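The values are calculated or read from the model by the stated rules, or taken from the named source; none is laboratory data. As the structure is a computational prediction, the values presented were derived from the model and not from experiment. All Cβ positions, even for glycine, are placed from backbone atoms using ideal geometry, and neighbour counts span all protein chains on display.
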Amino acid sequence: MPHRLMLLDTASLYFRAFYGVPDTIRRADGTPVNAVRGLLDMIARLTTDYAATHLVACWDDDWRPQWRVDLIPSYKSHRVATVVAGAADVEVVPDALEVQIPMIRRVLDLAGIAVVGVAEHEADDVIGTYASHAGLPVDVVTGDRDLFQLVSDDRQVRVIYTARGMRNLEVLTDVVVVGKYRVLPEQYADYATLRGDASDGLPGVAGIGEKTAASLLGEYGTLDGLLAAAADGAGGVSASVRSKLAAAADYLEVAPTVVKVVQDLDVPTLEEAGAQLHPVVGESRAELERLATEWNLGGSVRRLLDALDLRDPSS
């Protein structure tokens, strides 16, 4: 089997599992396990359908890094549940999901699935780093459009987009991104900067929406190119657009750093992380099977084990 790396935007997936699987599914003590079940089923299906040989569950060690907030204070501010002095803000997470996260970590560990996070960075940044330096074909699984900037046919990086649900997965390549947004993947971060993104608390440039942003990038290539042309009276940028860009000058100075996914983090190699998928054996398998019963995980553990049983670490 040709080697192929799958990178999971893990929080994106377990939130989707939590809201997509009935919360009436619980352990004997009443603790919900719907997110655990849903995530395991996603992993079993995704790794099988897309022939992943390596897998990293990328983790939000800091879901709202202070360095991004310092640049744009509104960044993800609507998702803050509690502000903690001297520590990371607490994200709005339903209690019924919060209690399942340790269970998710435990099951992933027993299944031998690599979990990688980096201090002061989001899972997106971990994904960006591995996608840029893996040296093998990559599938990024996410419901977050920000990661479209990583798509590259040349580097064999695709995004498997989950926003429409697991029954309607969309595989994004260069041509798909261009077809949807009229910009190249490498222009997507500049496009998002211009049009803004309410889901991340990014205001964008007032008066510049998706069509205008795509048109401007089509003409000037990059945000830097657009700003340079706007500063040059002979650059061809209309007075209206120049006025809008000038009004957003402070935002445009910092937003690219916030929007662009970091791609040079110090992360373990795939080998060091234990990213290669393999059958679960011995005590780990026995413990997983025990937890499947104790935690009422139904057939989800069995389906994950079956998927992993197809992986031959010697191949």
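Do the conditions hold for S300, that is, is it hydroxyl-bearing (S, T, Y) and either in the same structural domain as L136 (by TED's automatic domain parsing) or under 30 Å from T129 (Cα atoms) (or both)?
Yes; evaluated as a whole, the condition is true for this residue.
Being without any contact (Cβ under 8 Å) to a residue 12 or more places away in the chain and farther than 19 Å from K76 by Cα is the requirement here; does A239 meet it?
yes
For the range 12-61, enumerate the residues that are hydroxyl-bearing (S, T, Y), outside any loop (DSSP other than H, G, I, E, B) and in contact with a strand residue (DSSP E or B) (Cβ under 8 Å, 6 or more places away or on another chain).
S12, T47
Is it the case that D139 is assigned to a strand (DSSP E or B), assigned by TED's automatic domain parsing to the domain that holds V267 and modelled with pLDDT of 95 or more?
So D139 fits the description; yes.
Given the options V99, V115, V107, name the one that is at pLDDT 95 or above, crowded, with 19+ Cβ neighbours inside 10 Å and more than 21 Å from G201 (Cα to Cα).
The conditions single out V107.
I'm checking my understanding of the structure. Among residues of the range 149-168 that are out of contact with any strand residue (DSSP E or B) (no Cβ under 6 Å at 6 or more places or on another chain) and part of a helix (DSSP H, G or I), which one is nearest to R45 (Cα to Cα)?
Looking only at the range 149-168, we keep the residues that are out of contact with any strand residue (DSSP E or B) (no Cβ under 6 Å at 6 or more places or on another chain), and these are 149, 152-156, 162-168.
Still in the running and part of a helix (DSSP H, G or I): 149, 166-168.
On the way: Q149: 25, M166: 9, R167: 11, N168: 13 Å.
Among residues in the range 149-168 that are out of contact with any strand residue (DSSP E or B) (no Cβ under 6 Å at 6 or more places or on another chain) and part of a helix (DSSP H, G or I), the one nearest to R45 (Cα to Cα) is M166.
Any chance the range 234-251 includes a residue that's modelled with pLDDT of 95 or more, of a type in the set (K, R) and either outside any loop (DSSP other than H, G, I, E, B) or farther than 30 Å from I208 by Cα (or both)?
Within the range 234-251, one or more residues are modelled with pLDDT of 95 or more, of a type in the set (K, R) and either outside any loop (DSSP other than H, G, I, E, B) or farther than 30 Å from I208 by Cα (or both).
Out of curiosity, is V69 within 26 Å of T257 (Cβ to Cβ), assigned to a helix (DSSP H, G or I) and among the hydrophobic types (A, V, I, L, M, F, W, C)?
For V69, the condition - within 26 Å of T257 (Cβ to Cβ), assigned to a helix (DSSP H, G or I) and among the hydrophobic types (A, V, I, L, M, F, W, C) - is met.
Would you please name the residue that is nearest to L304 (Cα to Cα), looking only at residues in the range 266-287 that are part of a loop (DSSP other than H, G, I, E, B) and without any contact (Cβ under 8 Å) to a residue 24 or more places away in the chain?
Ranking the candidates gives V281 first.
Before we move on, is A123 touching a residue at least 24 places away in the same chain (Cβ under 8 Å), surrounded by 21 or more Cβ atoms within 10 Å (Cβ to Cβ) and under 22 Å from F15 (Cα atoms)?
yes
Considering only residues that are of a type in the set (S, T, Y) and either under 12 Å from T162 (Cβ atoms) or surrounded by 18 or more Cβ atoms within 10 Å (Cβ to Cβ) (or both), which ones fall in the range 20-66?
T47, T53
Select, from A228, A234, A255, A249, the only residue that is surrounded by fewer than 18 Cβ atoms within 10 Å (Cβ to Cβ), closer than 25 Å to R68 by Cβ and not assigned by TED's automatic domain parsing to the domain that holds V126.
A249
If you go through the range 127-159, how many residues are in contact (Cβ under 8 Å) with a residue 60 or more places away in the chain and surrounded by 21 or more Cβ atoms within 10 Å (Cβ to Cβ)?
So the count comes out to 16.
Out of (1) closer than 30 Å to A275 by Cα; (2) in contact (Cβ under 8 Å) with a residue 40 or more places away in the chain, the odd one out for A17 is which?
Of everything listed in (1) closer than 30 Å to A275 by Cα; (2) in contact (Cβ under 8 Å) with a residue 40 or more places away in the chain, A17 misses just condition (2).
Just the residues that are among the hydroxyl-bearing types (S, T, Y) and in contact (Cβ under 8 Å) with a residue 12 or more places away in the chain, please, taken from the range 181-208.
Y181, Y188, Y191, T193
If a residue must be at positive phi and more than 25 Å from the chain's Cα centre (by Cα), how many such residues does the range 196-227 contain? Give the derivation first.
Filtering the range 196-227 down to residues at positive phi leaves 196, 201, 204, 207, 221.
If we keep only those that are more than 25 Å from the chain's Cα centre (by Cα) as well, we get 207, 221.
Going through the range 196-227 one residue at a time, the tally reaches 2.
May I ask you to list the residues in the range 97-126 that are more than 22 Å from S77 (Cα to Cα) and small (G, A, S)?
Scanning the range 97-126 gives A111, G112, A114.
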